[in-house]
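Following: one structure in structure tokens, then a few remarks.
The values are calculated or read from the model by the stated rules, or taken from the named source; none is laboratory data. Keep in mind it's a predicted model, so treat the numbers as computed, not measured. Cβ placement follows ideal geometry from the backbone for every residue including glycine, while neighbour counts extend to all protein chains displayed. The protein model used for the area step is the full one, side chains on, heavy atoms only, and it has no ligands, DNA or RNA in it. Shrake-Rupley method; radii C 1.70, N 1.55, O 1.52, S 1.80 Å.
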Amino acid sequence: MVKVWYMDEDIVSDQRLEHHKSPPEYLSLEELFRKTGVEYYCLNIDTFETDGVLDKIKKERGYTYEDQITCSEKCLPNYAEKLKSFYTEHLHTDEEIRLVVEGSGYFDVRDSEDQWIRIAVFPGDLIIIPSGIYHRFTLDSNNYIRAKRFFIGEPVWLPYNRPADDMPCRKEYVEKMEKGFITVQ
Ligand SMILES: CSCCC(=O)C(=O)O
Ligand SMILES: [Fe+2]
């Protein structure tokens, strides 16, 4: 089950460690959504393929594309290079949607005060990182994760490294955050 906390300021030691503040400062999923717009669904890892919950999310959100990524030294081509780029602060023009099916890892997202929030994900956790938010990913000390990736239409995995403040998706994200993610038709 997902856990969310504010990170410490230590940029020297291993990125795969937890990097808690002292004392730890956890956030609820509601606080995470309010502060960042990151959405979360808890799926049953044993039944998600047939229980209809994932199918409903896919239908509602228009996820037409689906594949799987395994991050391990053995399974990921250009492992070191990929992990380095995953952990370089960036944004995308589309949502980043991941359902963890095996292993674990950390998605880090910036809040509106530019503080890093660490989201520890485990099997059954589905997270949706909004377009335009600065974020990064790292394996944890178990060094292994397998996740399903979803996308609306043809996937675009391209990261735009920070600074990317002038991109329309970034401006839209910042505006949405200021309004509190309320959508008025
Ligand atoms: C758990 S998915 C691995 C990371 C990734 O796909 C990404 O950062 O884009
Ligand atoms: Fe990303």
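Some points to look at:
- LYS74 falls short on exactly one of the conditions (1) within 29 Å of GLU172 (Cβ to Cβ); (2) without any contact (Cβ under 8 Å) to a residue 40 or more places away in the chain, and that condition is (1).
- PRO163 more than 12 Å from ligand 2 (Cβ to nearest atom), farther than 19 Å from GLU113 by Cα and more than 16 Å from the chain's Cα centre (by Cα): no
- Strands (runs of 3 or more DSSP E) (entirely within the stretch 59-165) containing at least 1 residues that are at pLDDT 95 or above, open to solvent by 50 Å² or more (accessible area, probe 1.4 Å) and within 13 Å of ligand 1 (Cβ to nearest atom): 65-71, 96-103, 145-151
- Within the stretch 27-41, the residues that satisfy the criterion of being more than 14 Å from the chain's Cα centre (by Cα) and open to solvent by 70 Å² or more (accessible area, probe 1.4 Å) are GLU30, ARG34.
- Test: residue in the stretch 147-155 that is within 12 Å of ligand 2 (Cβ to nearest atom), β-branched (Val, Ile, Thr) and in contact with a Phe, Trp or Tyr (Cβ under 8 Å, 6 or more places away or on another chain): no
- Subset tally (residues that are aliphatic (A, V, I, L, M) and over 17 Å from LEU126 (Cβ atoms)) for the stretch 50-91: 4
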